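No value in this document is a laboratory result; all are computed from the given coordinates. Because the structure is a prediction, the values reported are computed rather than measured. As a convention, Cβ positions derive from the backbone with ideal geometry for all residues, glycine included, and neighbour counts pool all protein chains shown.
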Amino acid sequence: MSVESVDQAAEAFLEARRARRWLRSLPEACGPQSLEQCYANQSRVVAEVGPIAAWKVGAPSPHVQPACAAIAARTLFNSGANLPTTMFHLLGIEAEIAYRFSADLPPRGREYGLDEVIGAIGSIHPAIEVSDTRFVTWASQDRLSHVTDQLNHGALLFGEGRADWQSVAATSQRTILSIDGRRSVEVVGGNPGGDPLRLIVWLANVGSRPFGGLRAGTIVTTGSVTGVEFVTAPTTVEAQLPGIGSVRARIG
């Protein structure tokens, strides 16, 4: 991995954002060949659009290594926000479970154990991620290219949560996703990555390390429980997670 290839890939994504000219693919010379290169590219992009205020982490199954993306403050919103359509190329809506950290977990020489990660989490929150892509077509690239593209992140919204988060059984949580007042998805559980704590422990020890670790106040969202529902603007979206809370947004 060369500095030149990282800079070239990062600049391609940054220019796509600036000019709203979406990519058919990355130039062959700078296509990511490893997760290390993906995160180097992400770091370069986030340095331009940051600072980091949140993270997304997920996995396609409970037995696969997770992947993550740093989320800049400019794409993190409280429930009730009105988001302009000019923020996005595509609008994919996902309901998720998120956690807010109350203590720092900086990089260190030994791994953080589960108990240490649990001790650093302050609250649980309902979340909606607006999934997007800087490529012309959704899911058109190899996985490494999509990881490089912030794992298809567009915006993250979160609602009021609860501090007694350990009383919530995330893997059996009921979630209702509504689009324009119409119930679109209702599920129990639904996260393909399994237990969110597995994902967060990995994020603390591996994924966030190149970015300086996790900081108090940071929101971590742990993957879609509803799948992606594509919508067109203007639209109002809401996720209800009974026992945790609800989150809503207007787009357009």
(request) Whole Å is fine, so just give me how far the alpha carbon centre of the stretch 95-153 lies from that of the stretch 59-73. (result) 6
(message) Using Cα springs under 10 Å in a Gaussian network model of the chain, which residue among T148, T235, T133 shows the largest mean-square fluctuation?
(response) T235
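In whole percent, what relative contact order does the chain give with Cα contacts below 8 Å and a gap of six or more residues?
Worked out over the chain, it gives 28 percent.
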(request) Would you mind working out the magnitude of the charge dipole of the chain relative to its Cα centre, with +1 at each Lys and Arg C-beta and -1 at each Asp and Glu C-beta, to the nearest 20 Debye? (result) 360
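Per residue, how much space in cubic angstrom lies within the convex hull of the C-alpha atoms of the chain?
Values: hull volume 28.4 nm³, N = 252.
Once divided by residue count, the hull of the chain is 113 Å³.
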(request) Among V130, F230, P51, pick out the residue whose Cα is farthest towards the positive end of the charge dipole of the stretch 51-251, where Lys and Arg carry +1 and Asp and Glu carry -1 on C-beta, about the Cα centre. (result) P51
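Hull surface divided by four, with the convex hull built on the Cα atoms of the stretch 1-75: how many nm²? Show your work: numbers first, answer last.
Working: hull surface 22.9 nm².
It is 5.7 nm².
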(message) With unit charges on the beta carbons (Lys and Arg positive, Asp and Glu negative) and the dipole taken about the Cα centre of the stretch 51-251, which residue among F158, N78, P210 sits farthest to the positive side?
(response) P210
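So if I take the alpha carbon set of the stretch 105-252, get Rg, then get Rh from the Kirkwood formula, what is the Rg over Rh ratio? Let's see the in-between values first.
On the way: Rg = 16.2 Å, Rh = 16.7 Å.
On the Cα set of the stretch 105-252, Rg over Rh gives 0.97.
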(message) Compute and list, largest first, the equivalent-ellipsoid semi-axes of the stretch 48-97 from the alpha carbon gyration tensor, each √(5λ) rounded to a whole angstrom.
(response) 23, 15, 11
(message) Of the candidates A81, A204, A53, which one comes out as most mobile in a Gaussian network treatment of the chain with C-alpha springs shorter than 10 Å?
(response) A81
(message) Which of A170, A239, A19 ends up with the largest GNM mean-square fluctuation for the chain, with Cα atoms connected below 10 Å?
(response) A19
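Classify the stretch 17-140: rounded, prolate or oblate, from the alpha-carbon gyration tensor (a ≥ b ≥ c, eigenvalue square roots; a/c under 1.5 rounded; otherwise prolate if a/b is larger than b/c)? It would help to have the intermediate numbers written out before the result.
Working: a/c = 1.83, a/b = 1.30, b/c = 1.41.
Because a/c hits 1.5 or more and a/b fails to exceed b/c, the stretch 17-140 counts as oblate.
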